[in-house]
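Bear in mind that the values in this text are calculations on the coordinates, not laboratory data. Just so you know, these numbers come straight off a predicted model, no measurement behind them. As a convention, Cβ positions derive from the backbone with ideal geometry for all residues, glycine included, and neighbour counts pool all protein chains shown.
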Amino acid sequence: MTQNPLPVIRLKPKTSPTGVRRGVPWVYDNELVTDRRSKALAPGTIALLEDAERAPLALVAVNPASRIMARVLDLDVSQRIDRAWLAARLRRALALRERLYDAPYYRLIHAEADGIPGVVIDRFGDTCVIQPNAAWADVLLDDLATALAEVTGATCVLKNAAGRVRALEGLDDAPAILIGAAPEAPLPVPMNGAIYMADLINGQKTGLFFDQRPNHAFAARLSHGARVLDVFSHVGGFSLAALANGAASALAVDGSDPALDLARGGAAAMGVADRFDTRKGDAFDVLTALGDEGAQFGVVICDPPAFAPSKKALEAGLRAYERTARLAAPLVAPGGYLVLCSCSHAADMDAFRRASLRGIGRGLHGAGRGTGPAPQLIHSGGAGADHPMHTHLAESGYLKALFFRL
């Protein structure tokens with residue numbers, strides 16, 4: 001038998017290998033034998049994971065500096081993790097997206113759920129943006145970019161290095177142009193009949209949030225002929241979709257001038273600038289001010305950043321979601337719709353729904369509407385199908401959207 005040339009890491013004697021064999025993608029440092037040799041492995045090293053009896057389990061990517069010390073790459077230990085392996089995973093992911101969408105604007109790789117752990121890739125036509133949020137992906141980044149260009153035909157591949165996850169992995173925050181030339185201006189992205197302007201260089205994350213696509217579409221169906229308020233709007237995700245579906249007007253609220261500039265650019269590109277307005281400011285302050293003004297909207301959407309990014313932040317995060325609902329509910333005209341979203345994986349759907357309902361109840365009671373009909377939950381949404389959920393990783397099903405009729 002040919003000896004495997006890879007370094008070996010091993011589960012502790014009392015750590016069951018069943019989870020890995022069934023598809024659990026992460027192995028934590030407290031589940032592994034962490035001797036001097038394993039701790040000395042360079043971040044991003046590809047290794048052979050064995051159980052406590054020295055039986056091979058999987059090929060893994062190792063980072064001794066991370067709590068997730070091993071990320072499972074392949075249960076077939078005869079595989080070689082190289083450009084060809086990456087290309088095969090990319091082709092599999094691409095086949096799904098090409099079946100789902102008729103234009104090349106989507107999340108192509110959703111990390112573990114697409115078999116490329118710690119890696120996010122969003123596609124914008126001929127340009128792709130990679131977020132390599134794990135050390136092994138940084139090590140193989142040139143191979144990944146080359147395979148991506150070969151599989152998709154992309155002429156530009158960018159590296160986005162922003163976000164707390166890279167910091168947790170001990171990685172840098174330096175963006176890079178990996179292939180081709182970076183776009184000189186924001187790219188127009190068609191979606192749900194709207195046009196969004198995506199800044200792939202200076203924008204948030206990869207430049208646009210594709211995950212909300214189905215929720216944008218559902219909210220747009222409710223918005224025909226209505227006045228719409230889009231809070232935490234970023235580049236106008238909900239409001240521009242609503243205008244594309246015949247909303248009477250839309251007001252986008254965000255704390256970022258550059259994001260609102262992009263939203264206005266999208267409205268202009270759609271020819272709906274006369275029905276679109278923006279307001280810069282802290283979302284809670286603006287919601288409070290609109291309440292004081294007696295403003296009413298047919299549809300109100302609140303899509304905040306992750307208020308509960310970790311279990312430690314869960315209690316404070318749920319209070320923030322409740323506050324959002326409390327301030328937003330009185331702004332919804334009787335018979336109108338309130339859309340509340342959470343991208344916090346630490347807050348599950350039940351906890352988020354309870355916090356939202358507490359906030360709605362308190363908001364309506366404070367506005368003198370507490371004796372009316374009970375709120376109706378008409379729809380619950382998640383991320384689009386280009387953001388598949390890994391069945392053993394709850395974090396991959398992070399997005400939640402609740403649609404209420406008040």
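Largest first and to the nearest Å, give the Cα extent of segment 317-357 along each principal axis.
32, 15, 14
State the antiparallel share, in %, of DSSP beta bridges confined to segment 209-286, rounding to the nearest 5.
Bridges in segment 209-286 are about 0 percent antiparallel.
Step through the residues of segment 54-71 one at a time and calculate ³J(HN,Hα) from phi using the Karplus curve (6.51 cos²θ - 1.76 cosθ + 1.60, θ = phi - 60°), rounding each to whole Hz and writing x for Gly and Pro.
6, 8, x, 10, 6, 8, 10, 9, 10, 9, x, 7, 10, 4, 7, 6, 9, 10
If one takes the longest principal axis of the Cα atoms in the chain, at what angle in degrees, from 0 to 90 and to the nearest 10, does the Cα axis of helix 257-270 lie?
70 degrees
Taking a cut-off of 42 Å, what percent of all Cα-Cα pairs in the chain are separated by more than that?
19 percent
Nearest 10 degrees, 0 to 90: what angle lies between the long axis of helix 314-328 and the longest principal axis of the chain (Cα atoms)?
Around 20 degrees separate the two axes.
When the scattering of segment 291-406 is computed by the Debye formula from its Cα atoms alone, each counted once and equally, what is log10 I(q)/I(0) at q = 0.10, 0.11, 0.16 Å⁻¹?
-0.30, -0.36, -0.71
In Å, what Kirkwood hydrodynamic radius results for segment 119-182 from the alpha-carbon pair distances?
Values: mean 1/r = 0.0859 Å⁻¹.
Taking every pair of different Cα atoms in segment 119-182, averaging 1/r and inverting gives 11.6 Å.
Between 32, 59, 96, where does the largest GNM mean-square fluctuation fall for the chain, given springs only between Cα atoms within less than 10 Å?
96
Starting from the amide H of residue 233, placed 1.01 Å from N in the peptide plane, find each other amide H under 5 Å away whose residue is 5 or more places distant or on another chain.
Distant-sequence amide H within range of residue 233: 253, 254.
Where both residues lie in the chain, what percent of DSSP beta bridges are antiparallel, nearest 5?
On the way: 44 of 70 bridges.
Roughly 65 percent of the beta bridges in the chain run antiparallel, per DSSP.
Considering the convex hull of the alpha carbon atoms of segment 79-135, report its projected area averaged over all viewing directions, in nm², one decimal. All intermediate terms of the calculation are to be shown ahead of the outcome.
On the way: hull surface 16.1 nm².
Across all orientations, segment 79-135 yields a mean hull projection of 4.0 nm².
Once both axes come from the Cα atoms, what is the angle between helix 141-152 and the longest principal axis of the chain, in degrees from 0 to 90, rounded to 10?
Taking Cα atoms only, the helix is inclined about 60 degrees.
Taking each pair of different alpha-carbon atoms in segment 166-314 once, compute 1/r for the pair, average those values, and report the inverse of that mean as the Kirkwood hydrodynamic radius in Å to one decimal. Could the numbers behind the result be given before it?
Working: mean 1/r = 0.0614 Å⁻¹.
It works out to 16.3 Å.
So how much slack lies between residue 24 and residue 248, counting 0.36 nm per residue of separation and subtracting their Cα-Cα distance, in nm? Kindly include the intermediate steps, with their values, before the conclusion.
Working: separation 224, 0.36 × 224 = 80.64 nm, distance 4.80 nm.
That works out to 75.8 nm of additional length.
Can you give the extra length, in nm with one decimal, that the chain gains between residue 395 and residue 77 once fully stretched, where that is 0.36 nm per residue apart less the Cα-Cα distance? Can you show the working numbers first?
Working: separation 318, 0.36 × 318 = 114.48 nm, distance 2.61 nm.
Using 0.36 nm per residue and subtracting the Cα-Cα distance, I get 111.9 nm.
What span do the alpha-carbon atoms of segment 32-159 cover on each of the three principal axes, reported in whole Å from largest to smallest?
Over segment 32-159, Cα extents along the principal axes are 49, 24, 21 Å.
If you count, for each residue, the other Cβ atoms within 10 Å and average over each peptide, how do 389-402, 160-173, 135-148 line up from highest to lowest?
135-148, 389-402, 160-173
Along segment 155-164, what does the Karplus equation 6.51 cos²θ - 1.76 cosθ + 1.60 (θ = phi - 60°) give for ³J(HN,Hα), rounded to whole Hz, x for Gly and Pro?
Going residue by residue, I get 9, 9, 10, 10, 9, 9, 10, 7, x, 6 Hz, with x marking Gly and Pro.
Starting at the first residue of segment 381-388, write each ³J(HN,Hα) from the Karplus equation 6.51 cos²θ - 1.76 cosθ + 1.60 with θ = phi - 60°, in whole Hz, x for Gly and Pro.
Coupling constants for segment 381-388: x, x, 6, x, 5, 7, 10, x Hz.
Taking 35 Å as R0, compute the FRET efficiency from the Cβ-Cβ separation of residue 385 and residue 282 and round it to 0.05.
0.55
How many nm separate the modelled label positions at residue 333 and residue 172, each set 7 Å beyond the Cα in the direction of the Cβ?
That separation, rounded to one decimal, is 5.4 nm.
Please state the relative contact order of the chain as a whole percent: Cα pairs under 8 Å, 6+ residues apart?
Result for the chain is 11 percent.
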